[in-house]
Amino acid sequence: MKKATECVQAGWTPAKGEPRALPIYQSTTFKYENSDQMARLFDLEESGYFYSRLQNPTNDAVAAKIAALEGGVAAMLTSSGMAAVFFAAFNICEAGGHFLSACNIYGGAYNLFGVTMKKMGVDCTFFDPDKLTDDEVKALIQPNTKFIFGETFSNPGGAVFDIERYAKIAHEAGVPLIIDNTFATPVNCRPIEWGADIVVHSTTKYMDGHASCVGGVIVDSGNFDWLAHADKFPGLCLPDESYHGLTYAKDFGKFAYITKATAQLMRDLGSCQSPQDAYVLNIGLESLHVRMRQHCENAQKVAEWLQTRPEVGWIHFAGLPTDKYYPLYKKYLPKGGCGVIAFGLKGTREEAVKFMDSLKMINIVTHVADVKTCVLHPASHTHRQLSDEQLREAGIAPDLVRLSIGIEDISPLLLKDYLTKIDSRLAKANFATDMERILDQMQLYDGPKEKKSIKNVAAMMFAEHPEKFFPTTQVDIVVFPEGQEKNPENFIEVPSILGPVPMMIRRTLDYLRTNIIKERITKPTDDEHSVKVFNYPFQALEEAVVNALYHRDYKEREPVEITIEPNRISILSYSGPDRSISMESLKEANILRSRRYRNRRLGEFLKELDLTEGRATGIPTIQKKLRENGSPKATIETDESRSYFLIDIPARIDFVQDANSIRDSDIEQIRINLSKICPRYVQDMSMSELGFLAICLIRAKKEVSAQEMLEGIDKISYKQKKRKYLEKLLAMGAISMTIPNKPTSKNQKYVLSDIGHNIIHA
C-alpha cells in the first residue's frame, strides 16, 4: 500500500455495519463476562481492552496507522512528544545505564537527557554527529551503553542525521538506533528502511498539522534482536516479576519492546493520549501526504528567496544545493524534507527579535510544523533554559530564527519580491490586507468593479502554479548524449521545469549553465592574448530561452521543448511567429520585426526584471554572441501555418567530440581490474554496467563534470546514473572531488584518485 493510501486507509478497517469513520471510544473501562477473562488480560495472556490508560480501540487504530506508515510492527501513542522520547529511552535504559545522543537535538530533549534523566541515574554523552569520525563515536560507547539517539532533522537547526551511518555503528556495538522523525514524517523519510530500530514522533507537529492536540508516538521496527544482546537488556530478556515471571523478548517476539513500554511504563507513569485527541490526530494523518508536499514546496521557494536577501546573514535549509546537508538530504529525503527553515539576520539578537515583532501575517508562537506559517527565536523562547555554551553545543546561534512555513498561498511573496527588485513604492504595502489594492494599482485586475478577475499575465508572473490556469506551462529538457539520429534510444529526461515565467527562465538557465555550458581557453595564431570560448555562449541561450517563454502562445497545450545534442541545442515553442514576418526574414534569421506582439504585458514585466531588452532584439543578440564566440550562425524554422517556432543554436565546432574515442580494449581491462580490486562494490553488476564504470574512470583521467562523465552511458535517467555510477566511484574512492568542501557546487568536477589510477593501470 502506498503512503498516501496508508494515510487515509490504514489502521481502521470497518466490518459490516460499523461506522466508516474511526469512532471515538470515549470510555475508561470495558466490560467482560467473568473475572477469569479479566485476569488473563491483566496477566498479558490474552489481548483485549480493560482500561484506556493501557489500551483503547481508537488509540490502537491510530497507532496501527502510524506503524504502517513508518514500516514498523507496532506503535504506542503517548500524551506528548516528550513522553514518547522519555518512554522510548527509559524502556531500555534504566538507572545505571548510558546512551549517546546527537548534541543538536530539540532543547526539551536535550534537557531531558542531560538534566532530568541524569537525576534518575541515567547518563548521556552528547556528540556532534558531523564532526566525529566513526572511530571517535565508537570510542564514546561504554559497556553500559543502551542506544544511540538522533533526529532526522535537528530542531531548530535543520541538520540532517546520517541514519545509515549511525545505524551501522549502533548495531556493531549491539545497541539499537532511536530516531526522532517528527520533522520529516514517514511521508518523506522512513528511518527504519535505513537501519533505525525505534522511531519517535511528536504528533503535535505535522501529523496533527493544525495545532489542535498534543501527542506523541513510539514505533518499533521489530528488527532488533534483544535476545542476542540479553546482557545489555535485562528488562526485555529476564523474567518480569510484576507479570508472574513472563519474559517479553521470548513471549512476545517482535512485539516485545512495545508490549513492555505499554505494560510497564504506561501502567506506572500513565502518559496516555485521550481517545478524543487520537481521533483528532487521525483526521490530521488523513491529509498528511497532501500537506507535506505543499509545506516542502512552499519552504523551498521561501528558502531560495531568503538566500537572495541582503539582510540575511546565513541560512540552513537542506533543500538548497548550497547547504552542507544537501547530499544527505538527497539520499534520505529525495521527495522533500520539511517546511522548517533556520536563518540568521545580519545584526544582533535584539535585531532578530525586532524583525519578528514587525511581522504582520506570520505569528510568533511556541509551535512549529502546522498549516499556518509561524516564527520563533529559539534563544529567547524554546531554548531559553540553555546557557550560551549549551546553545552553541546544540548548534543554535543567538541570531537563529526558526521559520516554519505553512501551506498558505505564498504568491504575495513573489509579487512583493518583484516590486522590491524594481524599487516600487508598492513593495512597502501591507500584502496581508492590501492585496486587492496593490493588484488594482498594477492594472492586473480585469472586468467590472462588482466582479473583477485576475488578468492572465498576473497568473503567468505571480501564481505559484500557472499551469493550473494554462495547462502544460512548463519547460521540458531532453538530452541525447550521442545525438538524436545516431542513438534515439539513449536520452536523459530532465524533470519538467514549472512555476511562474521568471522562475522557469531562471531555472532553465541555471540548468544549462551548470550542466551544459563548457569553456575552453584558446590562443589565436594572430594574437598573443588567450581567449575564453564556450561550446555555447550563455547570452545566446539566455535570449533564446526568454524569447521562447515570452512569445509562446499560452493557450497551446504544448511545453517549451529544449533538445540538447552534442552539436546543437534546439528550442521549440508554440505557436509560431506572426505572419507579418516573412519567410525570407525567418530564413535569414537576423532581425524579426512584427507588427503584432504576443504577450506584450508579460514582456514589460520581464523587461523590468532585466530578462529581456525589448522589441526585436533577441535574434540579433543571439547571432552576435555566437559570432563573437566563433560559433556558426543560429537557424530558425517554422511551417507555412506558423504553428511552431524552432531555433537551432549550434555548438562551437571544436567542442563537438567523438563519443566513440574510448577504446574497447581499455574498457575490457578496467572491467577486469574492477572485479579484482573492488569486488565488494561491483559484485552484483552486469558486464555492461562494469563497462559503464570503466568509461567513467577513463573520462576522469582529466577533470570532468558529472554531466561529462555520465554522458552517453546506460539507458536510465541522469539521477539514476549519478547514484549508480558516480556515487559508487566516490564510495570506493576511485575518483575525488575538485571542491571537496562544497560537494554540490555548480563548479564541482571529478578526477581520478590514487585508487582510480591503480584500477586503470593494474
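Laboratory data are not the source of any read-out in this text; all were calculated from the coordinates shown. Because the structure is a prediction, the values reported are computed rather than measured. Glycine gets a Cβ as well: all are built from the backbone with ideal geometry, and neighbour counts include every protein chain shown.
Treat the count of other C-beta atoms within 10 Å as a stand-in for reagent exposure and order W314, W12 from fewest to most.
Lowest count first: W314, W12.
Based on other C-beta atoms within 10 Å, arrange F469, F90, F252, F153 from fewest to most.
F469, F252, F90, F153
Is it possible to state the helix-based mean residue ellipticity at 222 nm for the chain, with each DSSP H run of 4+ residues giving -39500 (n - 2.57), the sum divided by total residues, to the nearest 500 deg cm²/dmol? What is it?
Working: 31 runs with 266 residues, N = 762.
Rounded to the nearest 500, it is -9500 deg cm²/dmol.
Amide H neighbours of W314 under 5 Å, at least 5 residues apart or on other chains, H built in the peptide plane: list them.
Those qualifying (amide H under 5 Å, at least 5 residues apart or on another chain) are G344.
When DSSP assigns beta bridges and you keep just the ones with both residues in the chain, what percent turn out antiparallel, to the nearest 5?
The antiparallel fraction comes to roughly 70 percent.
For mean projected area of the Cα convex hull in nm², the listed values are (i) 36.4; (ii) 41.4; (iii) 32.3; which was obtained by calculation from the structure presented?
(ii)
What number, in percent, do you get for the relative contact order of the chain if the mean sequence gap of Cα pairs under 8 Å and at least 6 apart is divided by its residue count?
Relative contact order here is 9 percent.
What are the ³J(HN,Hα) couplings of segment 214-227, residue after residue, when phi is run through the Karplus curve with 6.51, -1.76, 1.60 and θ = phi - 60°? Round to Hz, x for glycine and proline.
8, x, x, 8, 10, 10, 9, 6, x, 8, 6, 8, 5, 5
Go through segment 14-30 residue by residue and turn each phi into a ³J(HN,Hα) via Karplus (6.51, -1.76, 1.60, θ = phi - 60°); whole Hz please, and just put x for glycine and proline.
x, 7, 4, x, 8, x, 5, 7, 4, x, 8, 8, 7, 8, 7, 10, 9
Report the label-to-label distance for T738 and E286 in nanometres (one decimal), using points 7 Å from each Cα along the Cα→Cβ vector.
5.5 nm
Using Cβ counts within 10 Å as a stand-in for footprinting exposure, how do W305, W226 rank, fewest first?
In order of increasing Cβ crowding within 10 Å: W305, W226.
By Kyte-Doolittle mean hydropathy of at least -1.0 and Cα axial length of at least 15 Å, which whole DSSP H helices of the chain are selected?
57-70, 275-286, 288-307, 411-421, 501-515, 538-551, 664-677, 687-699
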